[in-house]
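Below is one structure, written out as structure tokens, with a few remarks after it.
The values are calculated or read from the model by the stated rules, or taken from the named source; none is laboratory data. Model, not experiment: these values are computed from the prediction. Because the Cβ atoms are built from the backbone with ideal geometry, glycine has one as well, and the counts that use them run over all protein chains shown. Accessible surface is based on the protein model in full, side chains and every heavy atom, while ligands, DNA and RNA are left aside. Shrake-Rupley method; radii C 1.70, N 1.55, O 1.52, S 1.80 Å.
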Amino acid sequence: MVSTLYFSFIQVAFANDNDALNAVYSHFSAAFNELDANIMKSIYSEDACYIPEGQDEEITLGRDNIVALYETFFGKIKHKNAKIEVDFRVIERNIEGNSATDIGYYLIRFHPPIDDGEPSSEFAGKFVGVSKKKRDGKWYLTVDTNNRAEASFYYNAKPSPNLYYGRQFPALSQNALPNTHDKP
């Protein structure tokens, strides 16, 4: 009986951890939809690091510096009077104690102003995120890294039980070419 209670507790703890980790992706999506970098403060730990894909880009250390990157990026989108969306598909998660590693794909959609006449465009990539559960019981992203990938990898990723799978972006028309807009 004790072992049954223990395993039930472990399953509930992992379910709660998975739900909390999955919520990070909903927060990312909200930040992009609202172009609100302040939302990122609830995602990243104070000592987080962001490792960008570009060879000519340095590692960004600290939540405030990462949030500043997003403020700049979102500012460019606002300046263009455009919109941007992001979605994720987590394909692998490893939770060990108070540390979790997520691996998956992302897709970013850029929507220029309607009166511009330009089509929406997208680009995709692969990511690895390491999160830590802090003393307050919440999960915070401590390491965030990504690189580009074919959008088909995102579209073809299969859902895994308990892992964030995002919404179903409809495929863009063949006329829309991948966009290489700046990304934090």
Per residue accessible area of the chain, 1.4 Å probe, in Å²: 58
Too-long pairs where the Cα-Cα distance tops 18 Å, listed order kept, from 41/132; 41/126; 41/133; 41/76; 41/78: 41/126; 41/76; 41/78
Extension reserve of the residue 114-residue 41 stretch, reckoned as 0.36 nm per residue once the Cα distance is removed: 23.2 nm
Per-residue ³J(HN,Hα) for the range 17-27, Karplus 6.51 cos²θ - 1.76 cosθ + 1.60, θ = phi - 60°, Hz, x for Gly and Pro: 4, 4, 4, 5, 5, 5, 4, 4, 5, 5, 5
Residue 101 versus residue 57: modelled label distance in nm, points set 7 Å from Cα along the beta carbon direction: 2.2
In order through the range 48-57: 3J(HN,Hα) via Karplus (6.51 cos²θ - 1.76 cosθ + 1.60), integer Hz, x for Gly, Pro: 5, 9, 10, 10, x, 6, x, 5, 9, 10
Degrees separating the helix 63-79 axis from the principal Cα axis of the chain, which is the longest one: 30
